[in-house]
Amino acid sequence: MADRVTVIGWDGSPLTAAARGALGAATLVAGAAHHLDLPEVPQAAERIRLGSVALAARRIAGHRGTAVVLADGDPGFFGVVRTLRAPEFGLEVEVVPAVSSVAAAFARAGMPWDDAEVVVAHRRTLRRAVNVCRAHAKVAVLTSPGAGPAELGLLMEGVHRTFVICEELGTEREQVHVVTSDKAADHAWRDPNVVIVIGGTTGAATVPEGGGWIAGRDPAAGPRGWVQPDAQYGDGAPLGEGETDLLRAAQLARLGPRIGDLVWDIGCGSGAFATEAARAGAAVIAVDRDLAACVRSETAARKFGVRLQIVHGAAPHVLENLPEPDVVRVGGGGVAVVGAVADRRPQRIVTHAATRDAAELIGRDLTEHGYQVECALLQSVELDTRAWTETERNVAFLLSGVLPERAP
């Protein structure tokens, strides 16, 4: 095992005395090509081109001597330190950090970033990174080949965002570009790069005057509770039978929308469910054939400070060109819409029915599509607590389907 392992972050600025000292004593140096070309790397040291960090860690673990690993930015922030410290390698490391590429990118843009979400986009995580960009007003994306600004822009179709693209930060070839998301695919971008994705706010400020207390999304933003009273939605008009607050709570519990998910809300009505799913951090596409419902949904989103993509059109036809969902609420359209949704294979689907016959039809269709189906008869009774008399009663069959091959 290496006698000593030092991880040095590099942001293009001159190396610190501690970093130079560690490099001068190194008998093995691992890093990217531009790191290994630094004049401070000893000529006699063994050099490892850093591709797979795990493979490099195995080499370092078997090395007798002093090892140095060079990495861009802060190696403890989405960097090599996590892999090197994995129990399977048994390495204890010292870290000499530098400015992270995310911090550098926001510095170049002249923007604060304590209110930003930070995601890593690889080919396997690109879709989820895009969903975070859809849902949040300020996101930094650490890109990779095949999951860069062009791919982000293509998958953001239907949602307008501004991209600040920072190429090769800390090098002589550094450049910063500002483009709209729909233009990002028109260019070839140099790696490595960081993309800051900015979207307009729709309501409440994400960070209060004088700064917040937690980085990223403030969990206390907006009123407490998964669901809000019906009176908060619909501009005073009564909500539809599938939108009552207790039914919405059950639907949210079944779907469990979270950051990185894309939720479809088909038959969004007042926008109550769509807004509450967005408050959970998910990206939401709200669909309704009624233009007035689309307007109400946009109003609800603005009121609660979340971002929705509103699609005006009739399901199931309007669903054909939408990006793939993770979870779906079907608020209207019956078995035809549920079947069309099941064809797209989301992880979970929830819907409701007013009668047992309708519930059986939907349940059979979901089962035929390979979903595990649960059905519950929900009854809620509102009472006037001054006299403890019944004021309203709601009854609905709640159906939920889980696709085993994509669970949880």
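Multiply the residue gap between residue 291 and residue 364 by 0.36 nm, knock off their C-alpha separation, and tell me the result in nm, one decimal place.
The span from residue 291 to residue 364 would gain 23.1 nm if fully extended.
Considering only the other residues whose Cβ falls under 12 Å of the Cβ of residue 240, what net charge follows from Lys and Arg at +1 and Asp and Glu at -1?
Neighbour charge sum, excluding residue 240 itself: -3.
Going by accessible area, probe 1.4 Å, with all protein chains left in place, what is the ranking of 198, 362, largest first?
Putting 198, 362 in descending order of accessible area: 198, 362.
Tell me, in nm to one decimal, what length is gained between residue 4 and residue 25 on full extension, where the rule is 0.36 nm per residue of separation less the Cα-Cα distance?
6.6 nm
Let's see if you can work this out: charge +1 on each Lys and Arg Cβ, -1 on each Asp and Glu Cβ, no other charges. What is the dipole magnitude of the stretch 286-357 about its Cα centre, in debye to the nearest 20?
Once rounded to the nearest 20, the dipole reads 280 debye.
What does the charge count around residue 289 come to, taking other residues whose C-beta lies under 14 Å from its C-beta (Lys +1, Arg +1, Asp -1, Glu -1)?
Residues near residue 289 contribute -2 overall.
Toward the positive end of the charge dipole of the chain, about the Cα centre and with charges on Cβ (Lys, Arg +1; Asp, Glu -1), which of 193, 158, 10 goes farthest?
Of the listed residues, the answer is 10.
Explain nothing, just the number: dipole magnitude of the chain about its Cα centre with +1 on each Lys and Arg Cβ and -1 on each Asp and Glu Cβ, in debye rounded to the nearest 20.
Roughly 800 debye for the chain.
Given the C-alpha centroids of the stretch 290-329 and the stretch 242-273, what is the distance between them in whole angstrom?
The distance from the Cα centre of the stretch 290-329 to that of the stretch 242-273 comes to 12 Å.
Please report, as a whole percent, how much of the solvent-accessible surface of the chain comes from carbon and sulfur atoms (probe radius 1.4 Å).
The C+S portion of the solvent-accessible surface of the chain is 53 percent.
Once you order the gyration tensor axes a ≥ b ≥ c over the Cα atoms, which shape class does the stretch 229-345 get: rounded for a/c under 1.5, otherwise prolate or oblate by comparing a/b with b/c?
rounded
Near the amide H of residue 29, under 5 Å away, which other amide H atoms are found, from residues 5 or more places off or on another chain, if H is placed in the peptide plane?
Residues meeting the criterion, in which the H sits 1.01 Å from N, are 46, 47, 48, 68.
Could you tell me the center-to-center distance, by alpha carbons, between the stretch 56-111 and the stretch 122-192 in angstrom?
23 Å
Along the stretch 147-163, what does the Karplus equation 6.51 cos²θ - 1.76 cosθ + 1.60 (θ = phi - 60°) give for ³J(HN,Hα), rounded to whole Hz, x for Gly and Pro?
9, x, x, 5, 5, 4, x, 5, 7, 8, 3, x, 10, 8, 9, 9, 9
What number in nm² do you get for the stretch 24-98 if you take the convex hull of its Cα atoms and divide its surface by four?
That works out to 4.7 nm², a quarter of the Cα hull's surface.
Which whole-Hz ³J(HN,Hα) couplings does the stretch 170-176 yield from phi under the Karplus relation 6.51 cos²θ - 1.76 cosθ + 1.60, θ = phi - 60°, glycine and proline marked x?
x, 10, 5, 9, 4, 9, 10
Can you pull the one-decimal nm distance between simple spin-label points at residue 32 and residue 214, each 7 Å off the Cα toward Cβ?
Result for the modelled spin labels: 3.3 nm.
Quick query: amide H of residue 371 versus all other amide H atoms, modeled in the peptide plane; which residues come in under 5 Å with a sequence gap of 5 or more or a different chain?
Placed amide hydrogens put nothing under 5 Å from residue 371.
Which one of 313, 383, 295 has its Cα pushed farthest toward the positive end of the charge dipole of the stretch 255-408, where Lys and Arg give +1 and Asp and Glu give -1 at the Cβ?
295
Mind listing the phi-derived Karplus ³J(HN,Hα) values for the stretch 39-48, rounded to whole Hz, using 6.51, -1.76 and 1.60 with θ = phi - 60°, and x for any glycine or proline?
Using θ = phi - 60°, the values come out as x, 6, 6, x, 5, 7, 6, 5, 10, 10 Hz.
Which whole-number percent gives the relative contact order of the stretch 40-97, counting Cα pairs below 8 Å spaced six or more residues apart?
It rounds to 32 percent for the stretch 40-97.
Give me the dipole magnitude in Debye, nearest 20, for the stretch 40-179 about the Cα centre, with unit charges on the beta carbon: positive for Lys and Arg, negative for Asp and Glu.
560 debye
Hey, can you grab everything whose amide H is under 5 Å from the amide H of residue 138? Only 5+ residues off in sequence or another chain; H modelled, so Pro and N-termini drop out.
Those qualifying (amide H under 5 Å, at least 5 residues apart or on another chain) are 117, 199.
Just subtract the alpha-carbon distance of residue 46 and residue 88 from 0.36 nm times their residue separation and send over the number in nm, one decimal.
12.8 nm
The values are calculated or read from the model by the stated rules, or taken from the named source; none is laboratory data. Everything numeric here is computed off the predicted structure, so don't read it as measured data. Positions of Cβ are generated from backbone atoms using ideal geometry, with glycine treated the same way; all protein chains shown enter the neighbour counts. Note: areas computed on protein heavy atoms with side chains; ligands, DNA, RNA excluded. Shrake-Rupley method; radii C 1.70, N 1.55, O 1.52, S 1.80 Å.
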